[in-house]
């Protein structure tokens, strides 16, 4: 492609709205174009890289026996009501009505649609196992879209769904997809880590998230270098403190003026924070977003509450809980903001972290302004409606598998795999006839890759102060031939020959034949990040050109023949 003919608009200045490298560079290179907040289109170079990622995904999915189809993004509400997710999915589900008032949604995912296909068209064990996938535009009505393609309202995703006869066969399908995902992200040039993850709104029993390591990622993972433990902090289990065998002391209420925080009360009473208990107060909502009841969650004073663990313990979706109005909740339950403890509160669900029942003589709020209780003990002084691990696994905490200190890292979620089991087949009646002609529930898995998010993750991991540094496999073009002086006949002729011969060898190549200053061309070449650059300048008269890899600082002089051969060899090795 000749740059003089390409629709290309690069930006010298950083767009005001862009905060992270991928957003900045994809806008500056003109690869994406913002329509409205959270909605982007793809321009020629950006769309070429998107298609490269899609093709890698297709190759790896097809190699595992998956079959590609394409379903509509517009989904009827009836199917989501069958599965129970029409209300449970929450406000991110983009709902709409047609002119006749019938409810639809723009699909963020397609479990219901694919389950409907199988229950309608698969009836015998002989038709299983089956894996169907699509690469399609998805929609999520984000409240606060941010970071460009990282958290957008419209995005491209590959979603696959496996259908098996047994849970043992599901294990095999899951392993196949896990392996395919490792190959996809490796081929895309990503440094990534598969970690155990929460199943969220998708549901199911087990899940792994594929996280591209990046400091700007919204996913936080905990991992152990001593053993193989790795999980998102939402999912990671915590080890409870050892149970205490000390004697239970008499309950005592003490005056603690102005001590609304754990730090304050611990200092005031000269206690370690591990000897305290803190309360967090919430209100829950039903499917119609009406207040459904209050929740008081308790963890040890030095711990952080893991909200995902709390909603899982309550068996409610994430959107169905919020921090409570303390005054309003206090009038109904007896709690007091900043001074709430588990003794004496009523008319609310009490959720207690799993390590608290084993601890003795803790300090907790007295449900009375400026007062706390000492020597609070589980069983004698209070009881819980639910006991569950509510703790956030922090860096340095003991690994739940081997006990070594865990480390934290941030990353970008680029893919996730789920064992759904019979969650959707049972809700929607997806059965098959076994060898004895008896009905059995289809066993399902689902597997997603964020195509547009993968593009952003690649840029986050592959850039410098001058622009993008594309891995060959997903670069919009493999090489760029830059003419230093487009008015020089020898340079133009040499560049044209290199261009044509590379095209003939199957190299995807750009020819920068624009009538621009050399500095502009070099800056654009760095910004666009094409992996190989051949610069045709004054040395062309002697058959010499400059050859440079975008990832390297140095360039070298080569003969035209050497430059062509080296380019072909490098592209074939790396693409």
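The values are calculated or read from the model by the stated rules, or taken from the named source; none is laboratory data. Bear in mind the structure is a predicted one, so any value in this text is a computation, not a measurement. Positions of Cβ are backbone-derived with ideal geometry, glycine not excepted, and every protein chain shown enters the neighbour counts.
Pick out the one residue from 60, 19, 92, 68 that is under 21 Å from residue 447 (Cβ atoms) and either modelled with pLDDT under 95 or not assigned by TED's automatic domain parsing to the domain that holds residue 132 (or both).
Numbers: 60 fails: either modelled with pLDDT under 95 or not assigned by TED's automatic domain parsing to the domain that holds residue 132 (or both); 19 fails: under 21 Å from residue 447 (Cβ atoms); 68 fails: either modelled with pLDDT under 95 or not assigned by TED's automatic domain parsing to the domain that holds residue 132 (or both).
On inspection, the qualifying residue turns out to be 92.
What number of residues within region 375-389 satisfy the criterion of being farther than 19 Å from residue 347 by Cα and under 39 Å from the mean Cα position of the chain (by Cα)?
So the first thing to find is which residues in region 375-389 are farther than 19 Å from residue 347 by Cα, and the list is 375-377, 380, 388-389.
Keeping just the survivors that are under 39 Å from the mean Cα position of the chain (by Cα) gives 388-389.
Looking only at that region, the number is 2.
Can you tell me which of 479, 505 is surrounded by fewer than 21 Cβ atoms within 10 Å (Cβ to Cβ), touching a helix residue (DSSP H, G or I) at 6+ places or on another chain (Cβ under 9 Å) and closer than 15 Å to residue 565 by Cβ? Before the answer, list the steps.
Details: 479 fails: surrounded by fewer than 21 Cβ atoms within 10 Å (Cβ to Cβ).
Matching residue, one of 479, 505: 505.
Are any of the residues in region 104-112 outside any loop (DSSP other than H, G, I, E, B), without any contact (Cβ under 8 Å) to a residue 40 or more places away in the chain and in contact with a helix residue (DSSP H, G or I) (Cβ under 7 Å, 6 or more places away or on another chain)?
Looking only at region 104-112, we keep the residues that are outside any loop (DSSP other than H, G, I, E, B), and these are 104-106, 111-112.
Right, trim to without any contact (Cβ under 8 Å) to a residue 40 or more places away in the chain and you get 104-106.
Retained after the next criterion (residues that are in contact with a helix residue (DSSP H, G or I) (Cβ under 7 Å, 6 or more places away or on another chain)): 104-105.
The answer is yes; a qualifying residue exists.
Within region 55-66, track down each residue that is touching a helix residue (DSSP H, G or I) at 6+ places or on another chain (Cβ under 9 Å) and either part of a loop (DSSP other than H, G, I, E, B) or in contact (Cβ under 8 Å) with a residue 40 or more places away in the chain (or both).
So in region 55-66, the residues touching a helix residue (DSSP H, G or I) at 6+ places or on another chain (Cβ under 9 Å) come out as 56-57, 59-61, 63-66.
Selection gives 56, 57, 60, 61, 63, 64, 65, 66.
Do you know which of the residues in region 288-305 that are in contact with a helix residue (DSSP H, G or I) (Cβ under 8 Å, 6 or more places away or on another chain) and assigned to a loop (DSSP other than H, G, I, E, B) is nearest to residue 339 (Cα to Cα)? Break it down stepwise before answering.
Narrowing region 288-305 to residues in contact with a helix residue (DSSP H, G or I) (Cβ under 8 Å, 6 or more places away or on another chain): 288, 292, 294-302.
Filter again for assigned to a loop (DSSP other than H, G, I, E, B), leaving 288, 301-302.
Values: 288: 32, 301: 13, 302: 16 Å.
The qualifying residue nearest to residue 339 (Cα to Cα) is 301.
Could you look through region 513-526, keep only residues that are in a loop (DSSP other than H, G, I, E, B) and out of contact with any strand residue (DSSP E or B) (no Cβ under 8 Å at 6 or more places or on another chain), and pick out the one that is surrounded by the most Cβ atoms within 10 Å (Cβ to Cβ)?
The first filter runs over region 513-526 and keeps only residues in a loop (DSSP other than H, G, I, E, B), leaving 513-517.
Add one more test, that the residue is out of contact with any strand residue (DSSP E or B) (no Cβ under 8 Å at 6 or more places or on another chain), and what stays is 514-517.
Values: 514: 18, 515: 9, 516: 16, 517: 11.
Applying the filter and picking the extreme gives 514.
Evaluate region 426-447: report whether one residue or more is closer than 25 Å to residue 545 by Cα, touching a residue at least 40 places away in the same chain (Cβ under 8 Å) and crowded, with 17+ Cβ neighbours inside 10 Å.
Of the residues in region 426-447, the ones closer than 25 Å to residue 545 by Cα are none.
The answer is no, given that none of the residues of region 426-447 is closer than 25 Å to residue 545 by Cα, touching a residue at least 40 places away in the same chain (Cβ under 8 Å) and crowded, with 17+ Cβ neighbours inside 10 Å.
What number of residues within region 230-256 satisfy the criterion of being touching a strand residue (DSSP E or B) at 6+ places or on another chain (Cβ under 9 Å) and closer than 30 Å to residue 343 by Cβ? Reasoning before the result, please.
Of the residues in region 230-256, the ones touching a strand residue (DSSP E or B) at 6+ places or on another chain (Cβ under 9 Å) are 230-241, 248-256.
Cutting the leftovers down to closer than 30 Å to residue 343 by Cβ gives us 237-241, 248-256.
The number of residues fulfilling the criteria is 14.
Among what's in region 3-54 and is touching a helix residue (DSSP H, G or I) at 6+ places or on another chain (Cβ under 7 Å) and part of a strand (DSSP E or B), pick the residue that is surrounded by the most Cβ atoms within 10 Å (Cβ to Cβ).
32
I need the full set of residues from region 209-229 which are surrounded by fewer than 23 Cβ atoms within 10 Å (Cβ to Cβ) and either within 27 Å of residue 444 (Cα to Cα) or in contact with a strand residue (DSSP E or B) (Cβ under 8 Å, 6 or more places away or on another chain) (or both), in order please. Lay out the reasoning, then the answer.
Kept after step one, since they are surrounded by fewer than 23 Cβ atoms within 10 Å (Cβ to Cβ), are these residues of region 209-229: 213, 215-220, 223-229.
Residues satisfying the conditions are 213, 215, 216, 217, 218, 219, 220, 223, 224, 225, 228, 229.
When you look at residue 392, is it closer than 22 Å to residue 169 by Cα and in contact with a helix residue (DSSP H, G or I) (Cβ under 9 Å, 6 or more places away or on another chain), yes or no? Give the steps one after another, and end with the answer.
Details: closer than 22 Å to residue 169 by Cα: no; in contact with a helix residue (DSSP H, G or I) (Cβ under 9 Å, 6 or more places away or on another chain): yes.
In short, no.
Any idea which of 564, 530, 535, 568 is in a loop (DSSP other than H, G, I, E, B) and either in contact (Cβ under 8 Å) with a residue 24 or more places away in the chain or farther than 17 Å from residue 470 by Cβ (or both)?
Numbers: 564 fails: in a loop (DSSP other than H, G, I, E, B); 535 fails: in a loop (DSSP other than H, G, I, E, B); 568 fails: in a loop (DSSP other than H, G, I, E, B).
Only one candidate passes the filter, namely 530.
So residue 529 fits all but one of (1) surrounded by 17 or more Cβ atoms within 10 Å (Cβ to Cβ); (2) over 30 Å from residue 59 (Cβ atoms); (3) in contact with a helix residue (DSSP H, G or I) (Cβ under 9 Å, 6 or more places away or on another chain); what number is the exception?
The number of the failed condition is (2).
Looking at 308, 316, 350, which one is in a helix (DSSP H, G or I), on the phi < 0 side of the Ramachandran plot and touching a residue at least 12 places away in the same chain (Cβ under 8 Å)?
On the way: 316 fails: in a helix (DSSP H, G or I); 350 fails: in a helix (DSSP H, G or I).
Answer to the selection: 308.
Among the numbered criteria (1) surrounded by fewer than 16 Cβ atoms within 10 Å (Cβ to Cβ); (2) over 34 Å from the mean Cα position of the chain (by Cα), which one does residue 265 miss?
(1)
Can you name every residue in region 319-344 that is touching a residue at least 40 places away in the same chain (Cβ under 8 Å) and not in a helix (DSSP H, G or I)? Break it down stepwise before answering.
Of the residues in region 319-344, the ones touching a residue at least 40 places away in the same chain (Cβ under 8 Å) are 319-320, 322-326, 329, 335, 337-343.
Passing the criteria: 322, 323, 324, 325, 335, 337, 338, 339, 340, 341, 342, 343.
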